[in-house]
Amino acid sequence: MSDQTYQPTLSQLRAFVAIAEYRHFGTAAARSAVSQPTLSQALASLENGLGLQLIERSTRRVLVTAAGMRLLPQAMATLEAADRFLASATGDTLGGTLRLGIIPTVAPYVLPELLPELRRKLPATVPQVVEDQTARLLDGLRTGVLDVAVLALPTETSGLVEIPLYSEEFVLVTPRGHALAGRTDLGAPELAELPLLLLDEGHCLRDQTLELCRAADAHPGAVGDTRAASLTTVVQCVAGGLGVTLIPEMAVPAETARGTLDTARFATPAPGRTIGLAYRSSSARADDYEYLAAVIRSKRPF
């Protein structure tokens with residue numbers, strides 16, 4: 001039974017949210033910059049005060065109970081409101097840690113310019129960058145592991161606010177001297193029967209490429225025979241003569257800099273994608289994230 005006079009502290013709520021996010025006491029303690037006994041005691045005090053078990057711990061895994069799942073969004077909203085309050089009091093936009101997720105087909109091309117810009121325009125912000133596939137980034141947003149994420153829109157995920165940042169075209173990358181090299185009037189049906197190299201399962205660019213092919217009733221050859229975890233690896237396979245690939249506009253300068261590849265572009269309207277910033281609709285920092293989106297948009301690499 002809960003104590004009706006009990007008032008949870010922010011430290012206790014942070015302990016609960018961290019454990020629920022990471023499902024591991026050691027990791028949660030390390031990310032919270034406290035000792036594991038301190039974290040465990042904070043959770044125990046919260047559970048005792050509420051008269052509820054929020055976390056179920058066994059020797060093999062950590063589970064969030066039904067009561068914990070019910071209260072977790074409110075705990076997260078409370079912490080976000082507290083952070084917003086402190087930032088407003090000090091005049092700092094996005095002060096403190098910013099847990100920023102970003103998909104692998106964006107991160108290498110945006111971060112070199114973005115991180116220095118964040119230090120300049122948001123000096124009170126400490127970014128923690130998490131590069132991962134879209135599904136895991138969305139899961140991180142839902143559970144509070146991440147504050148915001150840069151990914152392809154739309155996510156078609158309820159409970160999120162999406163801010164479009166920019167749109168970019170897809171560019172066909174070919175080996176040097178390929179028959180399609182230099183074209184600026186490609187049609188999607190011309191992808192049919194090409195040895196199209198793709199990123200591995202889970203990357204949104206792979207799904208977008210396959211959807212483009214399906215929409216044009218094109219059936220590329222050898223899809224799935226060669227797959228890679230990064231655009232750089234895919235492009236190097238193209239340079240080695242294994243096939244062709246589609247890459248986003250922002251990646252073209254970096255991935256073709258060695259001079260061993262050619263490119264071809266699609267006729268207007270060219271296929272492409274929209275990149276955006278997503279955050280939880282329950283967040284109290286909407287204005288801050290709008291400003292963050294403007295900073296990211298100003299440093300797009302093309």
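The values are calculated or read from the model by the stated rules, or taken from the named source; none is laboratory data. Computed from a prediction, not measured in an experiment: that's the story for all the values here. Neighbour counts run over all protein chains shown; Cβ positions are idealised from the backbone, glycine included. Note: accessible area is taken over every heavy atom of the protein model, side chains too, but ligands, DNA and RNA are not part of it. Shrake-Rupley method; radii C 1.70, N 1.55, O 1.52, S 1.80 Å.
Things to note:
- Candidate set from the range 234-251 (those that are open to solvent by less than 20 Å² (accessible area, probe 1.4 Å) and either acidic (Asp, Glu) or part of a helix (DSSP H, G or I) (or both)); member that is modelled with the lowest pLDDT: Val234
- Arg84 being of a type in the set (D, E, K, R) and either free of Cβ contacts under 8 Å to residues at least 60 places away in the same chain or more than 18 Å from Leu146 (Cα to Cα) (or both): no
Yes/no matrix, rows are residues, columns are (1) open to solvent by less than 30 Å² (accessible area, probe 1.4 Å); (2) at pLDDT 90 or above; (3) farther than 24 Å from Ala75 by Cβ:
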position: Ala89; (1), (2), (3): no, no, no
position: Asp92; (1), (2), (3): no, no, no
position: Gly101; (1), (2), (3): yes, yes, no
position: Tyr109; (1), (2), (3): yes, yes, yes
position: Thr125; (1), (2), (3): yes, no, no
position: Asp132; (1), (2), (3): no, yes, no
position: Arg136; (1), (2), (3): no, no, no
position: Asp139; (1), (2), (3): no, no, no
position: Gly144; (1), (2), (3): yes, no, no
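- Members of the range 15-54 that are closer than 21 Å to Ala66 by Cβ and β-branched (Val, Ile, Thr): Val17, Ile19
- Matching option when the condition is part of a loop (DSSP other than H, G, I, E, B) and either open to solvent by 50 Å² or more (accessible area, probe 1.4 Å) or without any contact (Cβ under 8 Å) to a residue 60 or more places away in the chain (or both), among Ser167, Ser158: Ser158
- Whether a residue is farther than 23 Å from Ala181 by Cα, at pLDDT 90 or above and crowded, with 21+ Cβ neighbours inside 10 Å was assessed, and Tyr279 passes this test.
- Condition met for Ala188 (open to solvent by less than 30 Å² (accessible area, probe 1.4 Å), in contact (Cβ under 8 Å) with a residue 24 or more places away in the chain, closer than 20 Å to Leu212 by Cα and among the hydrophobic types (A, V, I, L, M, F, W, C)): yes
- Of all residues in the range 111-136, those that are under 30 Å from Asp207 (Cα atoms) have Cβ atoms under 7 Å from Cβ atoms of residues that are open to solvent by less than 40 Å² (accessible area, probe 1.4 Å) and assigned to a helix (DSSP H, G or I), 6 or more apart or on another chain, in Leu114/Ile296; Pro127/Leu118; Val129/Leu111; Val130/Gly140; Glu131/Ala107; Thr134/Cys204.
- In the set Leu180, Leu146, only one residue is assigned to a loop (DSSP other than H, G, I, E, B) and under 13 Å from the mean Cα position of the chain (by Cα); that residue is Leu146.
- A single member of Thr105, Thr97 is surrounded by 14 or more Cβ atoms within 10 Å (Cβ to Cβ), under 25 Å from Gly276 (Cα atoms), modelled with pLDDT of 90 or more and polar (S, T, N, Q), and it is Thr105.
- Each residue in the range 1-24 was checked for being more than 23 Å from Asp83 (Cα to Cα) and either without any contact (Cβ under 8 Å) to a residue 24 or more places away in the chain or not in a loop (DSSP other than H, G, I, E, B) (or both), and 2 pass.
- All of Leu118, Leu122 fail the test of being in contact with a Phe, Trp or Tyr (Cβ under 9 Å, 6 or more places away or on another chain), farther than 24 Å from Phe170 by Cα and not basic (Lys, Arg), apart from Leu122.
- Search result, residues across the range 25-39 that are open to solvent by less than 60 Å² (accessible area, probe 1.4 Å), of a type in the set (Ser, Thr, Tyr) and assigned to a helix (DSSP H, G or I): Thr27, Ser32
- Residue within the range 40-50 that is open to solvent by 60 Å² or more (accessible area, probe 1.4 Å) and not in a loop (DSSP other than H, G, I, E, B) present: yes
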